[in-house]
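Just so you know, all these numbers are worked out from the coordinates, no wet-lab data involved. Because the structure is predicted, anything quoted here is derived from the model rather than measured. Please note: Cβ atoms are built from the backbone with ideal geometry, for glycine as well, and neighbour counts cover all protein chains shown.
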Amino acid sequence: MDLRVVCYVLARLTLAAAGVLVLPCALALLWGEGDACRAFGLTFGLALALFCVLVTHARREVRAITMREGIAITGLGWCIGAGIGMLPYVLGGCLGFLDGLFESLSGFTGTGATVITALSDLPRSLLFWRSMTHWFGGLGIIVIFIALLPQAGQSTVYMYNAETTGPTHDRVMPRLQSMTGALFRLYAGLTLAAAVIYWLCGMDAVTAANHALSTLGTGGFSTYDENAMAFDNVWIEGWMSLFMIVAGGNFALYYKVWKKGAGALRRNTEFRAYLGILAAAMLLVTGSLVSAGSMALPQAVRYAVFQVASLSTTGFVTADFDRWPALTKGVLLTLMVIGGCAGSTASGLKVSRIVLLVKSSAQIFLAKLHPHALHVVRMNGHTVPVSVLHRVGHFFFLYMMAIVLFALAFTAFGVPIFDAVGISVTTLGNVGPAFGIAGATCTFAPLPAGMKALLCFSRCCSAGSRSSRCSRCSSPLFGGRSIRGEAAQKMTH
């Protein structure tokens, strides 16, 4: 691995991060927030200093980036982003080092868990920066970086593969730079549309922008301590639910729909399963709330739709679901584990993996009944290679073991077991709220420092799980015509 190439790319990423700081700094200056303006200015200066250090150790000429260098750039890029994101909180005197790191990681990973107990005490520019970290972390710092700052040509596929989520993904355009640029424009366009609609529904412009950034970034940071409960507006909740569901879908699929029509949605197995899971969960939660006698049908539908859409993607809250019946908590916890679609800004296991796990399990069952028949797993009309099914099984095992191990670790701090499981699931799934001491109306501020540090580590693990797809194979395994055949894929593996 050539560290000079890694330093070259990281230097450009650091320069881009410094440029992003200009917007909240300008807002702080415009709104007369002197302390916040100084904090952003100091952060900008430190980012430039890091850029200069990296440049002095960088390779001047651009050459191909290897797989190892691509993974290193992605991992270190997330570390640099989290470090820079932490500084405005710390230098502005709002949070300490650990709490600032916690909040920054929560922003960039899209977790939405917060240690801030009084958001009204924070400068508006810092709240805007807080939402911006969701937005840049949502589609992926590295993917956005490739879209905006071209370098190293086709070798950036290793950075893209290390950043994108799910067992597979579709390269809907022949050039990686063009594809990531198109996804970035789609992401930005949906964010702008959400901001305008929120504004038309009654939010002021700044609040609408904040919540649009958090919605499409599937983070869940709000500018109010009550989160989305502060609005108590059915129109806002309805539109937020829609955009959260959209954010949980595959953005590459949306681009294909724009180019080829709505038929691409109907033919996509994962998207159909995603909508089916959400619909079933909404029915179960609604039925449980009504049967428990806690609320009328219209109110139950309203809260069920929002919370089901939210806890599979962002983590916004409109009700204290910690007081709901046990069945609803079980459904919501399951949604936290599943998450959104591959290629979305949401985290979790991903619906595509769930579909493949179900189909491969059914294949094993049928093979026992009919041992001489040929059984294959198909998705989107294409046969899924056995190597992909093995990787999905491995990832599922590691993900569930991580939930169990982190939950056990949290119980060492005196956390009740169900609360510990909820915190483990919501952290690894980047959802935000959980149950009990980390429920819908609580923050993570009262937790001991050791547990916060462990939560920061678990967030780093959840960010690392984004690179679960094999970085050697740049062709889609299903969901379109493969650039390389299955035989060539076996050779590369």
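Here are a few things to note about the model shown:
- Linear extension gain, L242 paired with Q299, 0.36 nm per residue minus alpha-carbon span: 18.8 nm
- Inter-label distance for M401 and T66, nm, one decimal - labels placed 7 Å from Cα along Cα-to-Cβ: 2.8 nm
- Restricting the trypsin sites (Lys or Arg not before Pro) of the range 1-92 to loop positions (DSSP other than H, G, I, E, B) with no more than 16 neighbouring Cβ atoms within 10 Å leaves R59, R60, R63.
- Taking the chain as the region of interest, the number of lysine pairs whose Cα atoms are within less than 30 Å, with members eight or more places apart or on different chains, is 17.
- Measuring how big the range 38-110 is from its alpha-carbon positions, Rg and Dmax come out at 14.5, 43 Å.
- When each of S310, S288, S387 is scored by the number of other beta-carbon atoms lying within 10 Å, the sequence from fewest to most is S387, S288, S310.
- For the range 1-65 versus the range 207-249, the gap between their alpha-carbon centres in whole angstrom: 30 Å
- Burial ranking of peptide ranges 427-436, 227-236, 87-96 (average Cβ count within 10 Å, highest at the top): 427-436, 87-96, 227-236
- Going from the fewest other Cβ atoms within 10 Å to the most, the residues K260, K350, K368 appear in the order K368, K260, K350.
- Computed over the alpha-carbon pairs of the range 253-309, the distance histogram in 5 Å steps reads 4, 20, 20, 14, 12, 11, 10, 6, 3, 0 percent, short to long.
- Evaluated with a Cβ-only charge set (Lys, Arg +1; Asp, Glu -1), the chain carries a dipole of roughly 2260 debye about its Cα centre, given to the nearest 20.
- For the range 362-422, the direction-averaged projected area of the alpha-carbon convex hull comes to 6.1 nm².
- Kirkwood Rh (inverse of mean 1/r, distinct Cα pairs), the range 316-435, angstrom: 16.2 Å
- Nearest-0.05 FRET efficiency for A49 and L23, computed from C-beta distance (R0 22 Å): 0.60
- Rounded to two decimals, the Cα radius of gyration of the range 263-360 over 2.2 N^0.38 Å is 1.11.
- D_trans [Stokes-Einstein, Kirkwood Rh over alpha-carbon pairs] for the range 1-44, 4 °C, 1.567 mPa s, µm² s⁻¹: 112 µm²/s
- Here is how the number arises for the chain: DSSP H runs of 4 or more residues each give -39500 (n - 2.57), the sum is divided by the residue count, and the result at 222 nm is -21000 deg cm²/dmol.
- Over all Cα atoms in the chain, the spread is summed up by Rg and Dmax: 22.1, 76 Å.
- The string of couplings for the range 327-339 from the Karplus curve (6.51, -1.76, 1.60, θ = phi - 60°) is 4, 5, 5, x, 5, 5, 5, 5, 5, 4, 5, 5, x Hz, one whole number per residue in order, with x for Gly and Pro.
- Per-pair calculated FRET efficiency, R0 = 41 Å: A188 and T334 via Cβ, rounded to 0.05: 0.80
- When H134, H390 are arranged by Cβ crowding within 10 Å, least crowded first, meaning fewest neighbours, the order is H390, H134.
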